[in-house]
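A.B. asks: Take a look at the following structure, please.
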Amino acid sequence: MSPIDFNPSREPLRLGDLWRRLVGGMWNIERAFEATQSSGRAVDDTRLRLFFVLAMFALAFIGLGMRATRAALFAHPGGGVREAPVLPSAEADLVDRDGRLLALDLTHYGLYLDASLNWDHDEVRRKLLPLLPKLSAERLDRALNANRREYLLGALTPEEHTAIHDLGLPGVSFEEEPRRVYPLGAQAEHLIGFTDSGGHGLAGAEKALNAQLHAAAATGQPVQLALDLRIQAALQDEVQKAAAKFHTQSAMGIVVNIHTGEILAMTSWPDFDPNDPGQSPIPNLTNHEAASVYELGSVFKLFTLATGLDTGLVTLDTPFDVSTPLQIGNGRPIHDHEKGDTRLALWQVFTHSSNIGAGKLGLMAGADRMQTYFRNFGLFSAAPSALLESARPIVPHRFDEDTIAHMAFGQGISISPLSLATAYTAILNGGVYIPLTLTKAKPGERPQGRRVISEQTSSTMLQLMRLNVTDPKGSGHKLDALGLRIGGKTGSAQKPDHGHYGKDNISTFAGVFPADGPITADRYMVVVTLDAPQPLPETYGFITAGWNAEPTAGAVIDRIAPFLGVQRTPTVAVAKPQVAAARPDEGAE
Amino acid sequence: MIRSVRRVFQSRFRGFRIIDLSAFGCLAVLVLSVYAFKANQGGENARIQDVDDQIASEQRQIRVLQAQLAHLEEPERLERLSVQYLGMAPPSAKHETSIDALIDISRQAEAAKSTTPKPGAKPTSAGGEL
C-alpha cells in the first residue's frame with residue numbers, strides 16, 4: 001500500500017469514479033481478448049471466455065450456497081416466535097396505594113359453533129345447555145340450523161372454557177377475548193368505575209385515567225391509585241350501615257389527605273357490581289359523592305367565617321345579635337335552632353351553628369367579597385377532580401342581600417360533597433386550593449395550588465373546627481371521646497321538594513383529624529353525607545347531622561386512624577383560638 | 001499452471017470426470033446437511049412454541065389466581081367473615097396503645113399480680129378485718 005493511501009486529504013471514492021474504473025477494467029479485459037485473437041490464438045480465446053463465464057457462475061452459486069447454509073445453520077432459533085401484540089383494548093392493572101389489585105384484564109373466551117362439522121345435534125344440546133345457563137335453547141337451535149360458523153356466547157370464564165373444551169364436541173371452537181374484571185366486586189366501585197366491552201372507561205378512574213391505562217398496558221406496569229383498600233372498607237362499611245340504619249335515599253363519604261389532595265377512599269350508596277353494571281338500576285350507578293349536588297347547609301359557615309376573618313372584617317370576638325330572626329325584605333326569615341342564645345361572639349356563631357349570625361356576617365362581607373371568596377373556594381364550579389362525573393353546582397342567578405344571607409349558611413347553593421371536601425381541604429391545609437387527585441402522590445410530594453386564604457386564617461379555622469368538637473355546646477361535641485383530636489362541622493339542610501323545603505334533610509359532617517399540631521402536620525379529612533335520614537327512637541326523633549352523619553363519621557375515623565398512623569392521646573381541653581373566650585353577653589354588635 | 005488445472009478438469013474415474021463427481025458429492029452433502037439442520041431446527045422451534053404456549057397459559061392462570069386472591073383478601077370480606085365465624089370485632093380505643101407504652105402496661109400487670117393475695121393465704125393485719 002503506497003503512502004498516498006494514508007493521506008487524510010485524499011477525497012473519498014465517488015460513484016462516478018467507481019463506474020469509470022469498472023468500465024475501464026472491462027475494456028482492459030476485452031482488449032486482452034482482442035490481443036490474444038490478433039496473435040492467432042483463437043481457440044485459447046474461446047476457452048478463456050468459457051472459463052470466465054463458468055467462473056462467474058461458480059462464484060454466484062458458491063455465494064448463494066454459503067448464504068443458504070448460513071441461513072439454515074445460524075438463524076435465530078426463536079426467530080419464528082413473536083410475543084402476542086398488545087391489543088388496542090388492553091388496559092393496565094389498576095392497584096391501590098399498597099399494590100392491591102383493583103381491576104385487571106383477564107382472558108375470556110367467545111364460544112362459536114359450526115354446525116356443518118357436527119353430526120349429532122342432540123348431543124350438543126344435551127351437553128352444552130346444562131353447562132351454560134346464559135345460553136338460550138333458541139339461540140343454540142339457530143346456530144345448529146345455520147350452515148356457517150355462528151357466535152354463540154361471549155365472556156366465558158377459563159373454567160367454563162375448559163369444561164366445554166373437555167366435552168370434545170365437533171364444530172365447537174373458541175376465540176380469546178380480553179375482559180375487564182373487578183375482583184373486589186361492589187367495593188370502591190364508584191371510584192374505580194367500569195369499562196365497556198371495548199375497554200373504554202365509562203365511569204370512575206377507568207374513565208378518568210383511560211389514556212393512562214391504555215398507555216401503561218404496553219409497558220405492563222400497573223396504574224396506582226391513591227385509594228387505600230383498608231380505609232375504603234371501613235368507610236364503605238360504616239356508610240352502608242348508616243344508610244341501612246337511617247333508611248336514607250342515598251349515602252356517601254370520602255376520606256382525603258388534605259395536604260396532598262389524595263382521595264384515600266370514596267363511597268356512594270346504593271352500590272352496584274362493576275363486573276355486571278347493566279344489571280343495576282341507573283341510580284345505583286351514580287356516584288352521588290361527585291355527580292349529585294345538594295344544599296349542604298351549615299357546613300358552609302366555615303366558608304363564611306373564613307371570608308370574614310381573612311378579609312379582616314371581623315375577629316373571633318366580634319359579637320352578633322341573634323335574639324331575633326333575620327328578615328331581609330320579603331325573603332324567608334332566618335331562624336336559629338332554639339338554644340336560648342341572644343348574643344354570640346363569632347366563634348360561638350360557628351360552634352352554636354347560628355344561621356342568624358352567619359347570615360349577618362355574610363351581609364357584612366357583602367356580595368362582592370362573598371362571591372370572590374366562594375368562587376376561590378371552588379364553590380361556583382365543578383370540583384376540578386380527574387373524575388369526569390364531577391357535577392357543576394347550582395348557583396344563585398343573582399346575589400342580592402337575601403341570597404347572600406342564605407348562602408352564608410348553605411341555603412340557595414347546591415354543590416357536590418366532592419366540591420365541599422375540596423373547599424374544606426383548601427381552608428384547612430394552610431389556605432391553598434388543590435384539586436383532589438385519584439392517583440398516588442410521590443413520597444413527600446405536596447402539590448402546588450393557589451392560595452385562597454392566609455395561613456393564619458387557615459390555622460384559626462382549624463382551631464375553630466376543633467373547638468366545635470370540644471365545646472359542650474359545639475355541634476360536633478359527641479366525637480371528642482375518641483382521643484383523636486377531631487375537629488368538625490355539621491350541616492343539616494332541608495331538602496327541596498316541589499319548589500319548597502320539605503321535611504327531609506341532607507345531613508353532612510365534615511371532620512378533620514388530628515386537628516392539633518402545626519398547620520403543616522399530616523392531617524386527614526372525612527366527609528359523610530346522608531340523603532334523607534329518617535328519625536329513630538334512639539335519635540329522639542331528630543334527623544339533624546349530629547344524630548346520624550356525625551356518629552357515622554366518628555365511627556369511620558375511629559377505624560381508620562390506626563391505618564393512617566394517628567395516635568390516640570388523652571383529650572385536652574381546647575381554648576378558643578388566639579383570644580380569650582368572649583361571653584355571650586359581652587360586647588356589642 | 002494451466003496444464004495442472006486442465007489435468008484436474010480432464011482426469012476421469014470410470015468415465016466420469018473427477019471434478020463432476022466431486023461437485024455432485026459436495027452438493028449431496030450440502031443438501032443433506034441443510035435438510036438435517038432444518039429438520040432439527042423445526043423441531044426446536046416447535047418445542048420453543050410449546051414452551052411459549054405453556055408460559056402464556058401459566059401467565060393466564062396466574063392472572064386468574066391473582067384476581068381470586070384479590071377477591072379473597074378483600075378487607076371488607078375478611079372482616080365480615082371474622083365477625084361471622086370467629087366472633088371477632090375491631091379493637092376498641094381502650095385496646096390501642098403505642099409500642100413504648102407496652103412496657104408500662106406490662107409493669108402494671110406484674111404489680112397487680114404480685115399484690116393479689118393467694119387463695120387460702122392468711123390475711124395480714126393490713127388486708128384482713130380487724
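Please treat every number below as a calculation from the coordinates, not as lab data. Keep in mind that what you see is a predicted model, and the values were worked out from it rather than measured. Here the Cβ positions follow ideal geometry from the backbone for every residue, glycine too, while neighbour counts run over all protein chains shown.
A.B. asks: Among A:Lys134/A:Lys207; A:Lys241/A:Lys489; A:Lys245/A:Lys440; A:Lys207/B:Lys94; A:Lys478/A:Lys503, which pairs are too far apart, with a Cα-Cα distance over 31 Å?
C.D. replies: A:Lys245/A:Lys440; A:Lys207/B:Lys94
A.B. asks: When N counts the residues of segment A:233-564, how does its alpha-carbon radius of gyration compare numerically with 2.2 N^0.38 Å, as a ratio? Before the final figure, lay out the partial values.
C.D. replies: Values: Rg = 18.4 Å, N = 332, 2.2 N^0.38 = 20.0 Å.
Here the answer is 0.92, to two decimals.
A.B. asks: If you don't mind, another one. Quick one: angle between helix A:42-74 and the longest Cα principal axis of chain A, in degrees between 0 and 90, rounded to 10, please.
C.D. replies: 30
A.B. asks: Right, next: In peptide A:223-231, how many Cβ atoms from other protein chains are near each Cβ within 10 Å, on average?
C.D. replies: Mean inter-chain Cβ contacts per residue within 10 Å come to 1.
A.B. asks: Pairing the Cα long axis of helix A:210-219 with the longest principal axis of chain A, what angle in degrees results, from 0 to 90 and rounded to the nearest 10?
C.D. replies: That works out to roughly 40 degrees.
A.B. asks: What's the exposure ranking of B:Ile103, A:Ile328, going from fewest to most Cβ atoms within 10 Å?
C.D. replies: Working: B:Ile103 9, A:Ile328 17.
Listed from fewest to most nearby Cβ atoms, that is B:Ile103, A:Ile328.
A.B. asks: Just name one of A:Val322, A:Ala291, A:Gly16: the one whose Cα is farthest towards the positive end of the charge dipole of the protein assembly as shown (beta-carbon charges, Lys/Arg +1, Asp/Glu -1).
C.D. replies: A:Gly16
A.B. asks: Any idea which of A:Val556, A:Ser492, A:Ala405 is furthest toward the positive side of the dipole for segment A:233-564, if Lys and Arg beta-carbons carry +1 and Asp and Glu beta-carbons -1?
C.D. replies: A:Ala405
A.B. asks: Among residues other than A:Trp27 whose Cβ falls under 13 Å from its Cβ, what is the net charge (Lys/Arg +1, Asp/Glu -1)?
C.D. replies: +1
A.B. asks: Rounded to two decimals, what is the ratio between the C-alpha radius of gyration of segment A:278-412 and 2.2 N^0.38 Å?
C.D. replies: Values: Rg = 16.7 Å, N = 135, 2.2 N^0.38 = 14.2 Å.
Taking N as the residue count of segment A:278-412, the ratio is 1.18.
A.B. asks: What is the order of B:Phe13, A:Phe174, A:Phe303, fewest Cβ neighbours within 10 Å to most?
C.D. replies: Working: B:Phe13 10, A:Phe174 15, A:Phe303 29.
Placing the least packed residue first, the sequence is B:Phe13, A:Phe174, A:Phe303.
A.B. asks: Report the charge-dipole magnitude of chain A in Debye, nearest 20, computed about the Cα centre from +1 at each Lys and Arg Cβ and -1 at each Asp and Glu Cβ.
C.D. replies: Using Cβ point charges on Lys, Arg, Asp and Glu, chain A gives about 1500 debye.
A.B. asks: Here is a follow-up. Can you give the Kirkwood hydrodynamic radius for segment A:364-433, in Å, rounded to one decimal and based on Cα pairs?
C.D. replies: Numbers: mean 1/r = 0.0797 Å⁻¹.
One over the average 1/r among Cα pairs gives 12.5 Å for segment A:364-433.
A.B. asks: If you line up the Cα atoms of segment B:2-112 on their principal axes, what length do they span on each, largest first, in Å?
C.D. replies: Answer, in whole Å and largest first: 119, 33, 20 Å.
A.B. asks: Once the convex hull of the alpha carbons of chain A is built, what does its volume come to per residue, in cubic angstrom?
C.D. replies: Values: hull volume 188.8 nm³, N = 589.
Convex hull of Cα atoms, per residue: 321 Å³.
A.B. asks: Rank the residues A:Thr260, A:Thr342 as a footprinting-exposure proxy: fewest other Cβ atoms within 10 Å of their Cβ go first.
C.D. replies: With the sparsest Cβ surroundings first, the list reads A:Thr342, A:Thr260.
A.B. asks: Hey, another quick one. Using the Cα centre of segment A:107-181 as the reference point, and only Cβ charges (+1 on K/R, -1 on D/E), how large is the resulting charge dipole? Debye, rounded to the nearest 20.
C.D. replies: Around 220 debye, computed over segment A:107-181.
A.B. asks: Report the charge-dipole magnitude of segment A:440-521 in Debye, nearest 20, computed about the Cα centre from +1 at each Lys and Arg Cβ and -1 at each Asp and Glu Cβ.
C.D. replies: Taking the Cα centre of segment A:440-521 as origin, the dipole is about 220 debye.
A.B. asks: Relative to the longest principal Cα axis of chain B, at what angle does helix B:75-86 sit, 0 to 90 degrees, rounded to 10?
C.D. replies: 50
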